């Protein structure tokens with residue numbers, strides 16, 4: 001490396017004695033235009049330098065040339081953006097995307113012109129990033145955490161946006177629900193912000209919908225099937241986003257569709273088995289074609305076929321030596337359900353977790369993608385030693401406020417207690433402290449399951465998003481997880497110290 005630097009330095013100092021003359025005579029050059037420009041606010045600034053025999057062209061002598069900023073869209077299809085020497089906060093009026101732009105300078109006396117080409121990348125503040133729902137004294141605030149990245153640069157430029165909605169949100173907010181259809185044919189998202197007694201719907205551009213009337217969730221139901229007074233508790237979508245399940249007040253509603261639609265259309269409740277209406281818990285398990293509900297009345301598991309809405313009992317089908325009870329008579333209360341999908345290895349590795357409790361303690365059930373039960377035991381009944389630094393069973397799980405499973409971590413259940421995150425390993429029946437943000441309190445914890453996060457595909461399913469609050473200030477961090485017992489490392493911390 002040192003030798004190369006020396007050689008380059010010597011070349012720079014070498015005096016060329018050949019018969020060359022590099023002075024600009026009766027001509028001009030265009031300089032100081034980068035190959036790529038990224039715009040997020042719709043305003044473009046480009047300040048090229050034009051050099052001729054008199055030096056750098058300035059405002060005083062710029063009238064010897066004409067200028068044109070051209071958007072090239074193919075042969076004989078060119079739009080003129082501006083006719084000034086420089087662009088200073090010039091409004092573009094273009095949608096998201098990449099554009100080929102030419103800057104043309106023409107000498108008025110000779111008619112000679114030269115072009116400088118660059119790529120214009122337009123990425124609005126709402127095009128990619130995270131929606132962050134805040135509860136400030138019972139009032140909702142929705143922030144958009146966006147970034148852009150110019151070609152060739154490795155660091156992201158984060159933008160904290162607070163005015164993405166422009167309309168009042170429901171009080172006592174609880175969740176952002178996203179409906180999305182057919183990611184293979186194209187994406188269409190409808191976003192619901194759920195409050196204690198109402199919902200607000202936003203379109204895929206994060207704008208209030210509709211513009212004039214207070215939104216009612218029942219509008220999104222097939223005519224004649226709208227329930228009265230429905231408050232959504234949860235909404236989930238299947239792995240391939242062809243169907244969604246909405247749960248509210250003990251009922252479950254299904255929307256199935258393989259095309260791109262502007263809004264979900266729900267139908268009659270599907271939580272009915274042999275004329276008996278199940279009392280559906282708000283948590284849902286998903287695979288390609290089914291979702292699984294927990295009936296709070298019988299404390300059993302039932303499957304819903306997305307395409308038809310047919311409800312059937314989940315079959316007891318253990319993989320030895322696992323010996324679980326009947327899936328319709330678990331005799332325990334539901335604490336948490338979630339799926340770890342195994343990406344990027346194979347969705348066939350998907351595991352489903354069900355956490356239950358009774359008077360004796362907490363129980364864990366794990367199933368494979370076909371819902372065959374491969375693990376079932378009382379937490380803390382298997383582990384016998386804390387020699388490796390782990391805790392027998394799941395330490396302080398009775399105080400947990402959040403649970404999560406996901407990514408490639410098929411044997412782990414994560415839970416938050418105060419400002420700490422523990423990892424419970426279902427195989428050795430032990431828990432490990434993996435993150436300590438005390439004295440802050442964890443207010444959100446989940447895996448990132450959407451490529452919109454901007455993390456590379458192999459890293460995406462190794463990361464978890466964790467939000468904390470301390471003294472009225474909040475921070476959001478993306479943490480890199482490890483399969484072993486090592487503590488997590490902060491992958492990115494794009495959003496910190498926000499009220």
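The values are calculated or read from the model by the stated rules, or taken from the named source; none is laboratory data. In this text the structure is predicted, and so the values were computed from the model without any measurement. Note: ideal-geometry Cβ built from the backbone for every residue, glycine included; neighbour counts use all protein chains shown.
A few points about this structure:
- Each residue in the stretch 48-67 was checked for being in contact with a helix residue (DSSP H, G or I) (Cβ under 9 Å, 6 or more places away or on another chain) and not in a loop (DSSP other than H, G, I, E, B), and 2 of them qualify.
- Number of positions in the stretch 87-115 that are closer than 15 Å to residue 33 by Cβ, surrounded by 15 or more Cβ atoms within 10 Å (Cβ to Cβ) and within 37 Å of the chain's Cα centre (by Cα): 6
- Per the listing 389, 380, the residue uniquely in contact (Cβ under 8 Å) with a residue 60 or more places away in the chain, surrounded by fewer than 21 Cβ atoms within 10 Å (Cβ to Cβ), over 21 Å from the mean Cα position of the chain (by Cα) and not in a strand (DSSP E or B) is 389.
- Exactly one residue out of 247, 200 is in the same structural domain as residue 276 (by TED's automatic domain parsing), over 28 Å from residue 278 (Cβ atoms) and modelled with pLDDT of 75 or more: that is 200.
- Selection status of residue 81, part of a strand (DSSP E or B) and either modelled with pLDDT under 75 or touching a strand residue (DSSP E or B) at 6+ places or on another chain (Cβ under 6 Å) (or both): yes
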